[in-house]
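Comments concern the structure below.
The values are calculated or read from the model by the stated rules, or taken from the named source; none is laboratory data. Small disclaimer: the values here were computed from a predicted structure and weren't measured. With ideal geometry, Cβ positions are generated from the backbone for all residues, glycine too; neighbour counts draw on all protein chains shown. Heads up: the accessible areas ignore ligands, DNA and RNA and are worked out on the full protein's heavy atoms, side chains in. Shrake-Rupley method; radii C 1.70, N 1.55, O 1.52, S 1.80 Å.
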Amino acid sequence: MNEAFFLTDPEQMICTHLPDDPAWQLLHQPRTQEQYENYVYIRERFFQLGMNMIPDKSKEDVIQQTKGGEVDIIFGVPKDNVKDMQYRYLLFRNRQRGDSPAHIPFERFVFYQKTANDIKYNAKFPIKGRFKLDIFGQNEKDHETFDLCASYLVDCNDPQAN
């Protein structure tokens, strides 16, 4: 049984569920269908770990464009138990028609940094394409496994040379 949705804050619930009737969003400013679809894909573990969006730093759009072949993804984390939090990521490339079967180890192109205030992923892309970045998290005291926290789609039209 998943108790994550019992008496959930409406500001959190809107990240994972969109009611048919906007009145049931229970928000002062209800989101439209388009706003909901364009928002970063967030799951329950994001809130269980106390993660949050940092104004002017966190990216709220699900589709991110690289600048100079790179993108930064930043989230706030709670200071009091950050030492117990562990994060992982997976980076996938959306295969295109005519792609060569070259196997590029994309994990080598992502830098992960955890501080007392935030976690940051800096991804640098060596080739053009659309990528999916999944971020997983775990509190070692509360969880046995890593669960999905957030997902982004990253479009890279300007890869970095070398």
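Enter the accessible area per residue of the chain (Å², integer; probe 1.4 Å; all protein chains in place). Mind dumping the intermediate values first?
On the way: 10400 Å² over 162 residues.
That works out to 64 Å² per residue.
Rg over Rh for the chain works out to 0.99, using Cα positions for both radii and the Kirkwood form for Rh. Inter-label distance, Glu144 to Asp84: 1.8 nm, where each label sits 7 Å from its Cα along the C-beta direction.
Using only alpha carbons, the stretch 54-138 has a radius of gyration to Kirkwood radius ratio (Rg to Rh) of 1.01. Report, to the nearest whole %, how much of the accessible area of the stretch 27-88 belongs to carbon and sulfur atoms, 1.4 Å probe, protein only. That fraction is 45 percent.
Could you work out the relative contact order of the chain, using alpha carbon pairs under 8 angstrom and six or more residues apart, expressed as a whole percent?
26 percent
Expressed as a whole percent, the accessible surface of the stretch 115-162 that belongs to carbon and sulfur atoms is 45, based on a 1.4 Å probe. With both labels modelled 7 Å from their Cα along Cα-to-Cβ, the Ile74 to His17 distance reads 3.3 nm.
If each DSSP helix of 4+ residues adds -39,500 (n - 2.57) and the sum is divided by the residues in the chain, what number results at 222 nm, nearest 500 deg cm²/dmol? It would help to have the intermediate numbers written out before the result.
On the way: 3 runs with 15 residues, N = 162.
Helices in the chain give a 222 nm mean residue ellipticity of -2000 deg cm²/dmol.
What whole number of Å gives the distance from the Cα centroid of the stretch 55-71 to the Cα centroid of the stretch 16-50? Comparing the Cα centres of the stretch 16-50 and the stretch 55-71, I get a distance of 20 Å.
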